[in-house]
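No lab work stands behind these numbers, since they all come straight from the coordinates. All of these numbers come straight from a predicted model, not from anything done at the bench. All Cβ positions, glycine included, derive from the backbone under ideal geometry; neighbour counts span all protein chains shown.
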Protein chains: 2
Amino acid sequence: MAELKDIGVAVLGFGTVGGGVVKTLAEKEALLLERLGLRLVLRGVADLDVESDRGVSVDRSLLTTDARALIEREDVDVVAELIGGTGAARELVLHALKLGKPVVTANKKLLAEHGPELHKVAAQYGAELLFEASVGGGIPIIKALREGLVANQINSMYGILNGTCNYILTRMEEEGLSFDEVLAAAQAAGYAEAEPSLDIDGHDTAHKAAVLAALAYGGSVPLDNIQVTGIRGMAAADITYAAKMGYRIKLLAIIRNCAEGVEVSVQPTLVERRHPLATVLGVYNAVLVHGDVVGTTLYYGRGAGRMATASAVVADLADAALNLRAGGHRRDLSAVPERAPVVFREPGGIVARHYVRFSMKDRPGTLAKVAAVLGAHGIGIDSVMQQEGPENAEYVPVLFVTSQASERAMAEALAEIEGLEDVIDQKPVRYRIENSA
Amino acid sequence: MAELKDIGVAVLGFGTVGGGVVKTLAEKEALLLERLGLRLVLRGVADLDVESDRGVSVDRSLLTTDARALIEREDVDVVAELIGGTGAARELVLHALKLGKPVVTANKKLLAEHGPELHKVAAQYGAELLFEASVGGGIPIIKALREGLVANQINSMYGILNGTCNYILTRMEEEGLSFDEVLAAAQAAGYAEAEPSLDIDGHDTAHKAAVLAALAYGGSVPLDNIQVTGIRGMAAADITYAAKMGYRIKLLAIIRNCAEGVEVSVQPTLVERRHPLATVLGVYNAVLVHGDVVGTTLYYGRGAGRMATASAVVADLADAALNLRAGGHRRDLSAVPERAPVVFREPGGIVARHYVRFSMKDRPGTLAKVAAVLGAHGIGIDSVMQQEGPENAEYVPVLFVTSQASERAMAEALAEIEGLEDVIDQKPVRYRIENSA
């Protein structure tokens with residue numbers, strides 16, 4: 001037990017995160033040796049491209065294009081999968097697990113789409129699968145949920161999980177800019193991809209929500225059961241109106257254990273200015289966790305980026321190494337248990353308050369027509385605020401705040417209002433409201 | 001290894017936290033069995049008083065007044081020390097460790113005053129000492145530092161670590177009440193002790209700061225090297241002035257790794273309204289941690305209370321139990337290493353910006369005299385704001401914001417200003433300012 005001092009690490013993928021891990025392992029070797037009593041030794045880095053400069057110094061002899069051979073080496077004890085995607089990454093993770101080698105991954109898409117398969121193979125071959133870096137970048141949220149809050153049933157989690165979206169929303173609010181202007185600036189600054197849909201349409205957040213939900217409730221979340229709305233094309237006006245009402249708009253992953261099942265959704269949401277998530281600005285991420293014993297806790301940090309993500313990957317490598325030294329896993333994989341199947345709530349049943357902006361004909365009786373449709377669908381109205389339109393405008397913005405109403409009722413009511421003649425001239429804008437802190 | 005399914009737990013101290021732990025172990029037995037693959041079985045609860053009703057149902061046969069005998073029982077594997085103080089608690093913790101039994105404690109005072117002794121005995125007898133509940137109640141901050149951020153050198157930590165103080169400051173700001181009014185209300189509501197000095201004079205925060213500093217930097221922090229200023233008697237006026245300037249006043253533990261040594265201090269501090277710690281309100285605690293790899297992270301939750309603290313104690317019991325099953329500790333105690341001795345900075349050398357309020361004679365030339373003394377001590381002035389006093393008042397409030405200045409220079413300059421004739425009529429009020437986020 002004491003002689004296994006060197007733990008051999010294979011890094012798959014020499015991109016941004018892989019480079020950060022290689023750099024951290026090199027720079028922190030002495031610190032990790034002191035803290036862990038063992039050495040994490042890089043045995044090799046596999047990538048299809050072993051020629052490009054990654055801005056990280058690494059002995060060329062460590063680079064290889066043959067990931068499978070690297071995984072199979074006898075002196076490789078732990079594998080870090082930092083390739084991304086669900087093709088080669090999935091195959092290589094399965095290959096390592098089947099050799100009984102623990103795998104550390106930052107790949108939320110892989111976990112969201114193939115989590116049950118991976119966990120099953122891991123259990124079958126007695127290999128550990130760790131994924132701290134898959135949600136919230138450097139924030140140790142997975143460890144907090146699995147270990148720090150082990151005595152808690154999780155009542156709910158509210159997460160700001162995509163730095164690109166939060167950066168865009170923050171700049172739109174602070175500088176009064178349009179969505180398109182800020183997106184272009186974010187792309188220029190490297191905070192957003194040239195093809196930004198994974199981020200701004202909410203899919204990346206949905207993958208992370210699925211990982212969190214599976215961790216808290218077990219089983220696998222059918223991605224179809226996640227209602228996903230992104231921030232693409234959000235109007236600056238709604239951010240301004242929300243601010244006037246004391247709210248900020250955030251793209252939230254919401255995971256809640258309700259009587260009817262576990263709700264998992266991703267939506268732009270108005271949160272009160274005092275809400276702990278309202279002050280999470282720029283590229284930062286945060287997760288608000290309500291446990292039934294501990295009450296409310298929150299975890300905050302950089303949700304992406306080379307070094308923040310590397311911090312989480314190396315922490316997982318350290319855990320895997322210590323477990324190997326101890327001769328087995330410390331946590332059973334039942335931390336992601338296959339329990340009595342958890343029911344994930346179908347999106348239409350999700351109940352919340354809503355902010356709705358209509359562009360409404362400025363004529364007596366119009367508002368009454370809209371209110372009547374909402375009422376007919378059982379949707380209560382908490383407040384109505386007509387906003388100034390341009391002078392002599394035919395249509396003016398009118399803001400409704402509803403009481404609790406189901407997703408289905410809201411969708412049906414708004415569709416009916418859109419069908420009314422001479423009432424509104426644009427599709428209504430609708431966002432969720434969360435007051436709970 | 002697989003047969004050790006039951007881990008026997010002894011709880012020492014049947015007070016608020018002890019009762020919460022007993023309750024949690026009973027209510028979460030099935031959940032913990034599912035997540036950990038083992039059962040945490042309560043073997044006994046020791047307290048001098050086994051008659052009072054603690055609001056927790058427990059089999060009377062489990063209660064005992066003989067803590068030592070309970071610790072020594074063969075079927076007790078792990079000991080939770082929830083007595084508090086440094087008398088019996090210290091002796092019993094040492095007794096358990098010397099029997100090789102892991103100890104979980106929530107006792108920050110014990111750790112702050114006797115940490116090195118306890119860690120040494122723990123290492124000597126191969127027993128684990130866990131203390132998640134000693135700082136930040138239910139927040140898994142110790143685990144985050146030891147494990148989640150294992151790859152990081154900690155550059156600094158800023159903590160709101162005392163719920164009583166934060167509750168008082170929050171109500172003073174929100175309701176414009178005086179310190180004495182809010183303290184009395186907090187005492188009536190059970191948020192403050194009848195003898196509140198441990199909280200409001202900053203000593204409880206200092207104990208927690210010492211625990212965090214020892215964890216991050218090793219060694220033991222001489223409590224004399226912690227500059228401690230509490231919030232007793234804080235004037236409502238300063239909270240109002242700070243708010244006008246865009247700040248909130250928080251009692252902060254500040255731990256910083258500077259070139260000259262590690263700074264550890266506890267002081268009322270002005271933080272910008274946008275600062276992540278500014279929105280930590282009421283009885284909540286939070287710790288902002290800057291790691292050299294991960295960047296800024298923050299951990300937030302209830303810093304005290306029966307159930308929040310129990311959540312942390314049970315998480316430690318789970319870790320200890322898993323480690324016992326694995327046949328040893330997972331983390332070397334070198335996570336609190338005895339390294340080359342860390343230098344803790346002497347308080348006079350600590351450098352910061354300051355808010356100073358003078359009650360200054362309203363006469364030409366007075367301000368110049370004050371400014372001259374500050375200048376003579378090398379203290380730059382960033383801004384000066386004279387406030388309205390009562391009509392025809394002889395003395396008016398004047399606020400100074402200084403640039404970076406040492407604690408020593410500030411103390412000397414203010415003493416000199418107090419000695420000037422006919423310039424001020426009250427002791428100047430001075431608080432630190434922190435802008436860094």
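State whether segment A:82-187 is rounded, prolate or oblate according to the following rule on the C-alpha gyration tensor (a ≥ b ≥ c being the square roots of its eigenvalues): a/c under 1.5 gives rounded; otherwise a/b larger than b/c gives prolate, and the remaining case gives oblate.
Cα axes put segment A:82-187 in the oblate bin.
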Acute angle (nearest 10 degrees) that the helix B:306-326 long axis makes with the longest principal axis of chain B, alpha-carbon atoms: 50
Whole-Hz ³J(HN,Hα) from phi, Karplus 6.51 cos²θ - 1.76 cosθ + 1.60, for segment A:139-144, glycine and proline x: 6, x, 7, 5, 4, 4
Anchor A:Lys361: lysines whose Cα lies under 28 Å away (excluding residues fewer than 8 positions away in-chain): A:Lys244, A:Lys369, A:Lys427
Chain B - convex hull of alpha carbons, volume per residue in Å³: 146
Relative contact order %, segment A:77-149, counting alpha carbon pairs below 8 Å whose residues are six or more apart: 29
The protein assembly as shown shape via C-alpha gyration tensor axes, a/c threshold 1.5: rounded
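Rounded to the nearest 0.05, what FRET efficiency is calculated for B:Ser197 and B:Thr86 with R0 set to 22 Å and r the Cβ-Cβ distance? Don't skip to the end; give the middle numbers.
Numbers: r = 17 Å, r/R0 = 0.76.
The calculated FRET efficiency here is 0.85.
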Placed amide H near A:Arg353: partners under 5 Å, 5+ positions off or other chain: A:Ala405, A:Ile433
Phi-based couplings in Hz for segment B:225-242 (Karplus 6.51, -1.76, 1.60; Gly and Pro marked x): 8, 9, 6, 10, 10, x, 10, 3, x, 4, 7, 4, 4, 5, 5, 5, 4, 4
Contact order normalised by residue count of chain A, Cα under 8 Å, 6+ apart, percent: 16
Label spacing, shortest first and in nm, from B:Gln404 to its equivalents in the remaining copies (7 angstrom along Cα→Cβ): 5.3
Inter-chain shielding of A:306-318 (mean C-beta neighbours from other protein chains, 10 Å cut-off): 5
Cα gyration tensor shape of segment B:1-121, rounded if a/c is under 1.5, else prolate or oblate by comparing a/b with b/c: oblate
Angle in degrees between helix B:203-217 and the longest Cα principal axis of chain B, rounded to the nearest 10: 70
Cross-link pairs beyond the 28 Å C-alpha cut-off, checked among A:Lys98/A:Lys143; B:Lys5/B:Lys101; A:Lys108/B:Lys28; A:Lys5/B:Lys109: A:Lys108/B:Lys28; A:Lys5/B:Lys109
Using a 7 Å Cα-to-Cβ projection, A:Gln426 label spacings across copies, nm, ascending: 5.3
Cα-based reach from B:Lys250 at 14 Å (exclusive), listing aspartates and glutamates while leaving out same-chain residues under 8 positions away: B:Glu173, B:Glu174, B:Asp199, B:Asp201, B:Asp238, B:Glu272, B:Glu434
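Using a 10 Å Cβ count of at most 16 others and DSSP loop calls, identify the longest part of chain A lacking such GluC sites (Glu not before Pro).
Numbers: sites that count: A:Glu3, A:Glu51, A:Glu74, A:Glu193, A:Glu260, A:Glu338, A:Glu388, A:Glu391, A:Glu394, A:Glu421.
The reported range is A:75-192.
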A:Glu346 versus A:Arg68: modelled label distance in nm, points set 7 Å from Cα along the beta carbon direction: 4.3
Amide H partners (placed H, <5 Å) of A:Arg39, local residues excluded: A:Asp6, A:Ile7
With Cα atoms, 0 to 90° folded angle of helix B:179-189 axis to chain B main axis: 20
Selection from B:Gly115, A:Leu399, B:Asn152 lying farthest towards where the dipole of the protein assembly as shown points positive, charges on Cβ: B:Gly115
